[in-house]
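**Student:** Can you read through this structure? Questions will come right after.
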Amino acid sequence: MEYTVTYYSDAIQDEILALPDTLAARYIVLTRRMAAIGPNLGEPHTKAFGDGLFELRLKGAEGIARVFYCTLVGRRIVMLHGFVKKSNKTPIRERETAESRLKEVKHANP
């Protein structure tokens, strides 16, 4: 049974799909794989942050991007937040945004 990939909002979907070409292509390849075999692809593709928050790690000619996501009951993967990475460490603000959205999604889908 396949997983379903959804988005926190239409704006998040547009933001992620508007990533530079090689990053968007990598995103599409990895999310198709996630839909087929599950959300945990292992490193270097995915990384768990704890409390149900995961990171999809994208690398392409234009740089590096990250997309935070969570999984819900019923084989659903929800993309919470995406951004192009400009430094070695993930900025705290980006992670806090994803954690806040994770709490909202979990509260709405107990």
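**Student:** Might you report the magnitude of the Cβ-based charge dipole of the range 53-110 about its Cα centre, with Lys and Arg at +1 and Asp and Glu at -1, to the nearest 20 debye? Walk me through the numbers before you get to the answer.
**Tutor:** Numbers: 13 positive and 6 negative charges, 23 e Å.
In debye, rounded to 20, the range 53-110 gives about 120.
**Student:** When ligands, DNA and RNA are left out and all protein chains stay put, how many square angstrom of accessible area per residue does the range 40-97 have with a 1.4 Å probe? Kindly include the intermediate steps, with their values, before the conclusion.
**Tutor:** Details: 3160 Å² over 58 residues.
Per-residue value: 55 Å².
**Student:** Here is a follow-up. At what distance in angstrom do the alpha carbon centres of the range 84-110 and the range 1-40 lie from each other?
**Tutor:** Centre-to-centre (Cα) distance: 16 Å.
**Student:** Over all alpha-carbon pairs in the range 3-110, figure out the percentage whose distance exceeds 23 Å. All intermediate terms of the calculation are to be shown ahead of the outcome.
**Tutor:** Values: 1050 of 5778 pairs.
Everything past 23 Å amounts to 18 percent.
**Student:** Suppose we keep just the DSSP beta bridges with both residues in the chain; what percent of those would be antiparallel, to 5?
**Tutor:** Details: 20 of 24 bridges.
Counting only bridges with both partners in the chain, antiparallel ones make up about 85 percent.
**Student:** Rounded to the nearest percent, how much of the accessible area of the chain (1.4 Å probe, protein heavy atoms only) is carbon and sulfur?
**Tutor:** Summing carbon and sulfur atoms, their accessible area is 51 percent of the total for the chain.
**Student:** Could I get the Rg over Rh figure for the range 48-110? Both from C-alpha atoms, Rh via Kirkwood, rounded to two places. Display every interim value, and only then the final one.
**Tutor:** Values: Rg = 12.2 Å, Rh = 12.3 Å.
My calculation puts Rg/Rh at 1.00.
**Student:** In percent, what relative contact order does the chain have, based on Cα pairs under 8 Å that are 6 or more apart in sequence? Each step should come with its number before you reach the end.
**Tutor:** Working: 168 pairs, mean separation 30.5, N = 110.
Normalised by residue count, the contact order of the chain is 28 percent.
The values are calculated or read from the model by the stated rules, or taken from the named source; none is laboratory data. All of these numbers come straight from a predicted model, not from anything done at the bench. Every residue, glycine among them, receives a Cβ derived from its backbone with ideal geometry; neighbour counts consider all protein chains shown. With ligands, DNA and RNA removed, areas are computed over all heavy atoms of the protein, side chains included. Shrake-Rupley method; radii C 1.70, N 1.55, O 1.52, S 1.80 Å.
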